[in-house]
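Q: Structure incoming, see below.
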Amino acid sequence: MVQVKEKEVTPLNDVLFKKVFATQANSHIIMGFLKDIAGINAESVKVIDPYNVDTYSKNKEKNNLNYTEVDLAATLPDCRQITIELQVAPQGYFNRRLFYYIAERYRAMYGKVNQRNLPTKQTKYDSLEPIHSINILNFMLFDDEFPVDHFVLRSKRGNRKFLDEKGAEILIITFFELGKKTNMASNINHWVDFFLKGKVGPDAPDYIKDACEQVRRQNLTRGELEMVNTAEKVRETQKWMLLNSERRGMKLGLEQGREEGREEGIEQGREEGREEGIEQGIEQGIERGIEQGREEGIERGIEQGREQGIEEGIEQGREQGIEEGIGQGREQGIELGKLQMVRNLKEIGVPMEQMMKASGLTRDVIEKL
C-alpha cells in the first residue's frame, strides 16, 4: 500500500503559532524574534496564558475554531507589555480593531499595582505600563518595500516623542509584512521563510531553526496533529467562504454597476438628446425664420414696389400730362391765334400772299375762314 505524504503545515496555523510563541520554554525563540523584528533586547520574557494543547482544544471547541487572527501576550522585566498578533487574512476595520485591542489591553492593567516593586504609596495609574504591539501580517498593508515598520506617538511640530512620567514611550506599534523581504542580509528574511514555509536556510540563527523543528509534523503530539488538521480545514473553509463571498459581491457589484450605468446612460442620453434637440431646433428655427423672412420680404417688397410704382407712375403721368397739356395747349393756342389773325387781316383787305406768309397757313385754310 502506497502511503501518501501529508502536506507540511506552516506556522500560520493557529496551533503551531501558539506552540512556538506562547510556550514559556521557548522564551529564547520569543526573545530572538523581539530582537530581530522589534529591536527589543530582553534578558527574559514571561508568557501570559501559556499554550497548553488540552486547554487550547477546549477553548477552540467552544469558539468553533472560527478565527482570523492568533495572538499572545507577554511581559518583559521592566513590565512592558508585549502583544504579538498574527493576522492570517485581511479583515475589515483592521486598524480600528487593532487600536481597540490595544486600548483594552492598556485598560486591563488599571488597578493591578503588584506588577513590580513599587513604593508603598501608589495610585492605580502606577499599574499602567507601556505597550508594544507587534503585528505579523500575511497580506500587504502598506504600499512600500519595507517588511518592518514602527509607529510611535510624536509631536507634529517638533517630532517630540510622547512619553510617560518614567520617560518610556507609552505605545509602539510594529508591523511585519510577510509578503516583503529586505535586500540586506537580515534575520527578517529568515523569519519570513519560517512563517511562510516552515523551514529556513543553514545560515539562519539557531533559535529560528529550533522553531522550525517544533512545527514539523513528526514532532507534534497526536492531539496537536488533530488540532492542526481541524484548524487547516476551518481555514480552507473560511478561504472558500471568503472567495465565494467575493465572487458573489463582485457579481452583485457588476449587476448594480450595470444597472446604475444603464440609468446614468439613459439620463445622460436624455440630457444630451435634450441639448442636441434644443441646438438643432434653434438652427432649424433660424433657417426657417430666414426662409420665411425672405419670402415675406419678397412679398412685401413686391407689394411695396407695386404701390411705389403706382404712386410714381401717377406722379410721373401727372407731370407728363401737365407738360403735354401745356405743350398741346400752346400749340392749339398758337393755331387759334393764327386763325384769328388771318380773320382780322381778311377784314382789312390784306392780300392772300401776305396772309399766307404771315400765318403759315395754306390758301385752302384761309379761304375757308
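The values are calculated or read from the model by the stated rules, or taken from the named source; none is laboratory data. Source: prediction; values computed, not measured. When we count neighbours, we look across all protein chains shown, and the Cβ atoms used for this are built from the backbone with ideal geometry, even at glycine.
Q: Can you find a residue in the range 186-194 that is at pLDDT 80 or above and among the acidic types (Asp, Glu)?
A: Looking through the range 186-194, at least one residue is at pLDDT 80 or above and among the acidic types (Asp, Glu).
Yes/no matrix, rows are residues, columns are (1) at pLDDT 75 or above; (2) under 23 Å from the mean Cα position of the chain (by Cα):
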| site | (1), (2) |
| --- | --- |
| Ala231 | no, no |
| Thr237 | no, no |
| Gly253 | no, yes |
| Glu259 | yes, yes |
| Arg262 | yes, yes |
| Glu267 | yes, yes |
| Glu271 | yes, no |
| Arg274 | yes, no |
| Gly281 | yes, no |
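Q: Does Arg306 fit the bill of being charged (D, E, K, R) and within 60 Å of the chain's Cα centre (by Cα)?
A: For Arg306, the condition - charged (D, E, K, R) and within 60 Å of the chain's Cα centre (by Cα) - is not met.
Q: Now a separate question. Considering each residue of the range 316-364, count those that are touching a residue at least 12 places away in the same chain (Cβ under 8 Å) and either in contact with a strand residue (DSSP E or B) (Cβ under 7 Å, 6 or more places away or on another chain) or assigned to a helix (DSSP H, G or I) (or both), and give that number.
A: Summing the residues that are touching a residue at least 12 places away in the same chain (Cβ under 8 Å) and either in contact with a strand residue (DSSP E or B) (Cβ under 7 Å, 6 or more places away or on another chain) or assigned to a helix (DSSP H, G or I) (or both) in the range 316-364 gives 11.
Q: Looking only at strands (runs of 3 or more DSSP E) that lie completely in the range 107-208, which have at least 2 residues being surrounded by fewer than 19 Cβ atoms within 10 Å (Cβ to Cβ)?
A: So the answer is 148-152.
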